[in-house]
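Engineer: Got a structure for you, written out below as structure tokens; questions coming shortly.
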Amino acid sequence: MNVRPAQFLAALAVSLSLVGCNKSPSSAAGGGSDVIKVGEYASLTGKEAAFGQSSHEGTALAVDDLNAAGGVLGKKIQLITEDDQSQAGQPATDVRKLISDDGVVAVLGEVASSRSLEAAPICQENHIPMISPSSTNPRVTEVGDYIFRVCFIDPFQGTVMANFATKTLKLKTAAVLTDVTSDYSMGLAKFFKESFTADGGKIVAEQTYSGGDKDFSAQLTAIKAANPDGIFIPGYYTEVGLIAIQARQLGINLPLFGGDGWESSSLVSIGGAALEGTYFSTHFTPEDTNAVVQAFVKKFQAKYNQTPDAMAALGYDSLMILADAMKRAGTTDGDKVRDALAATKDFPGITGNITIDAERNASKPAVILEIKNGKYHYLQTIAP
Ligand code: PHE
């Protein structure tokens, strides 16, 4: 979905012609026609394709459910999805196109914090509400008052895993292996270290890599020499799978643990047996016996023939929160929807009750999963 130069110029012309006026012809089209256009940008292809695909499937299921129930404000929801190919530079292009060419009234995305951070300023400038389903870096919603999320943030996630490390795994020391190209990884590493140290633990090794790397032997050798009790890896599934394999090859049989970036069925296909007995925190478990969750899991399985993961559940919740705000606002007007989103209270989401706080974040519990026999097993729920 690369934007061709002609399209880009057209988009530019539209956005230039809109400077200084609030009611753009394109946003009027989004609200004034017989459908409500909602934009979505996601990594449907490329390095983190599993993230974007899952999130999109959840969002698309929410479109089905809303439209089957008569739509929103008497109109059907039309989801317009752009594939950012997991590539820096693309989210900004995609979101400009969604706003200027398509006239969407709101934007959903992204999973990865770095890509949300790239596109959020464009939504903010245009007064188009953006809801990230699953970006956990605190800076995402700090971009401005039109930027929301339906998930918890990494200061909480870092604390959850630090407490788990000291209390459940009984680690006294830890090593941290961070992706320096990822805002998510850098933030989560920092928050984990702060909490682990505050819990009385000691960080004995800190190593880094760059997303896309394939060889982690130098870092793992240095970590092995520091003799930690466990290794915290705040990365994405693509690298985590390889890191686990290479750690085991080097004879490192310590507990490995990380955050929500691990979550993908692809993690186990990459890392296989090397991941046995490892742990990560995330937003959702299909093992949750709550009736709302089980109904969602059944519907998702019927549509896609697979079990939903955290991104699917959060993708679903992101559109449901938007629809709820539009209903309460009684309009798709960006400013009014923004105000309604900010007032969201106790919305019964699939990933828990969602209340949007003053920083436009959602304070929600985390779950910790263990990988056993190639499957994720629910261990604990940690309330904020
Ligand atoms: N929280 C991660 C980020 O901010 C993205 C993610 C969410 C990945 C949920 C997997 C599951 O980059």
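Engineer: Being under 25 Å from PRO286 (Cα atoms), more than 14 Å from the ligand (Cβ to nearest atom) and assigned by TED's automatic domain parsing to the domain that holds ASP335 is true for just one of ALA92, ALA112, ALA106, ALA62. Which residue is that?
Structural biologist: ALA62
Engineer: Let me ask something additional. Please pick out the residue among SER114, SER135 that is under 16 Å from the mean Cα position of the chain (by Cα), polar (S, T, N, Q) and crowded, with 22+ Cβ neighbours inside 10 Å.
Structural biologist: So the residue among SER114, SER135 that is under 16 Å from the mean Cα position of the chain (by Cα), polar (S, T, N, Q) and crowded, with 22+ Cβ neighbours inside 10 Å is SER135.
Engineer: Let me ask you something else. Looking at (1) on the phi > 0 side of the Ramachandran plot; (2) in contact (Cβ under 8 Å) with a residue 40 or more places away in the chain; (3) away from the ligand (no atom under 16 Å from the Cβ), which one does LYS97 not meet, given that it meets all the others?
Structural biologist: Of (1) on the phi > 0 side of the Ramachandran plot; (2) in contact (Cβ under 8 Å) with a residue 40 or more places away in the chain; (3) away from the ligand (no atom under 16 Å from the Cβ), only one is false for LYS97: (1).
Engineer: Please specify each residue of the stretch 143-158 satisfying the condition of being crowded, with 22+ Cβ neighbours inside 10 Å and small (Gly, Ala, Ser).
Structural biologist: GLY158
Engineer: Quick one: in the stretch 261-319, of everything that is of a type in the set (Val, Ile, Thr) and outside any helix (DSSP H, G or I), which residue is farthest from the ligand (Cβ to nearest atom)?
Structural biologist: THR289
Engineer: Would you be able to tell me the number of residues in the stretch 117-130 that are among the aliphatic types (A, V, I, L, M), surrounded by 22 or more Cβ atoms within 10 Å (Cβ to Cβ) and under 24 Å from TYR236 (Cα atoms)?
Structural biologist: 3
One line per residue, one yes/no per condition, for (1) within 30 Å of THR81 (Cα to Cα); (2) assigned by TED's automatic domain parsing to the domain that holds VAL107; (3) away from the ligand (no atom under 12 Å from the Cβ):
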{"position": "ILE122", "(1), (2), (3)": "yes, yes, yes"}
{"position": "GLU125", "(1), (2), (3)": "yes, yes, yes"}
{"position": "PRO129", "(1), (2), (3)": "yes, yes, yes"}
{"position": "PRO133", "(1), (2), (3)": "yes, yes, no"}
{"position": "ASN137", "(1), (2), (3)": "yes, yes, no"}
{"position": "PHE148", "(1), (2), (3)": "yes, yes, yes"}
{"position": "ALA162", "(1), (2), (3)": "no, no, yes"}
{"position": "THR173", "(1), (2), (3)": "no, no, yes"}
{"position": "ASP179", "(1), (2), (3)": "yes, no, no"}
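Engineer: Counting only residues that are without any contact (Cβ under 8 Å) to a residue 40 or more places away in the chain and hydroxyl-bearing (Ser, Thr, Tyr), which one in the stretch 149-180 is nearest to ASP229 (Cα to Cα)?
Structural biologist: Step by step, filter the stretch 149-180, then rank; the result is THR166.
Engineer: Taking THR208 as the residue in question, decide whether it is part of a strand (DSSP E or B) and β-branched (Val, Ile, Thr).
Structural biologist: yes
Engineer: Quick one: what pairs do we get from the stretch 245-260, first residue without any contact (Cβ under 8 Å) to a residue 40 or more places away in the chain, second among the acidic types (Asp, Glu), C-beta under 8 Å, 6+ apart or different chains?
Structural biologist: GLN246/ASP215; LEU254/ASP229
The values are calculated or read from the model by the stated rules, or taken from the named source; none is laboratory data. From a predicted model like this one, the values you see are computed outputs, not experimental measurements. Counting neighbours? That spans all protein chains shown, and the Cβs are built from the backbone with ideal geometry, glycine included.
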